[in-house]
Amino acid sequence: MTPTLSPRARVGAVSLAAVVLAAFAVVYTVRAADRGGPATGSSHVTLDNTPGLYVRTADGKVAALGKGGARQTALSCRRFYASGSGAVCLTTKPGIPPRTQAIVLDRSLRPRRTVTFGGTPNRARVSPSGRMVSWTVFVTGDSYSGGSFSTRSGILDTRTGYLVKNVETLQLTLDGRRYAASDVNFWGITFARDDNRFYATVATRGRTYLVEGDFKAWTARALRENVECPSLSPDGTRVAYKKRVRDSGSDPWRLHVLDLKTLRDTAQAETRSVVEQAPWVDVGSVGKARPRAARRS
């Protein structure tokens, strides 16, 4: 059963679940589907027999963290996310220029469909039902640290097979007006439970914004400035995200949580910089990896 929190607790106190992840060189963490029983003795890890947190370890393997400890899957991914009826694994294909494969997986972590496109893996998400899959890749540069990069994000509707390889065709509303520019970049898509509403970061003119998107209408509107890599809470009321707190030097971002109804912003207790798209462990906890060694993403 998902725990419930009072309105006051929801706004003011979201715990940081980092201790469990500290033993791994984690590049990406996810929360698997809520349904499914305890881990079984089977050597084959599935979303049903091993619910819980999934991580990417230092050797690139995906492992499940359950009550009995870590169980390694057969997957090697640059990015991985699981939810509802499936998962997605982003891998890199060698060559010049680099290419990425998004491998859509079923609940048994078997491939269902593969999409290939240019760029290097950056972000991946699956909607709570497992129907909608998204990804973001770097298409120039290989990290946020250089201050100059370009991204490309895509969405796949696994039920209909409809594929959008570049969401930059969205009809964007910024400051109450329709907006279009050559420097628009989207990244870090996160889905609501209705498989239609989503949130993402859009960057333009040196600024970043949280946008709320409508997949069916193919529109998006900016809600708030200085929001990167949003992650929607399981109850759909809040977004955890990276907020830029300084322009240069170490620790440029701090983890914040935004209440979507009031747009009230709450800084989290963790002051160290966060690079990834922070996952929600449950309705009241946000995960943040503590890698053994510093890594760029």
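Taking the protein heavy atoms of segment 95-210 in the context of the full set of protein chains, the accessible area attributed to carbon and sulfur is 45 percent at 1.4 Å. When each of the peptides 98-104, 181-187 is scored by how many other beta carbons lie within 10 Å of its residues on average, the order from highest to lowest is 98-104, 181-187. On a full-extension model of 0.36 nm per residue, what is the gain between ASP48 and ASP214, subtracting their alpha-carbon distance, rounded to one decimal in nm? Extending this stretch completely gives an extra 56.7 nm. Take the Cα of ARG205, step 7 Å toward its Cβ, do the same at GLU168, and the gap between the two points is 1.8 nm.
Hey, can you rank 203-209, 86-92 by average C-beta count inside 10 Å, highest first?
Working: 203-209: 15.4, 86-92: 23.6.
Going from most to least packed, we get 86-92, 203-209.
Around the amide H of LEU260, modelled in the peptide plane, lie the amide H atoms of ARG238, VAL239, all under 5 Å away and 5 or more residues distant in sequence or on another chain. Counting Lys and Arg as +1 and Asp and Glu as -1 over every other residue whose Cβ lies under 12 Å from the Cβ of LYS216, the net charge comes to -3.
Once the C-beta distance of ASP59 and LYS93 is scaled by a Förster radius of 30 Å, the resulting FRET efficiency is 0.95 to the nearest 0.05.
The values are calculated or read from the model by the stated rules, or taken from the named source; none is laboratory data. Because the structure is predicted, anything quoted here is derived from the model rather than measured. So basically every Cβ, Gly included, is an ideal-geometry build from the backbone, and we count neighbours across all protein chains shown. To get the accessible areas, we keep the full protein, side chains included, count just its heavy atoms, and leave off ligands, DNA and RNA. Shrake-Rupley method; radii C 1.70, N 1.55, O 1.52, S 1.80 Å.
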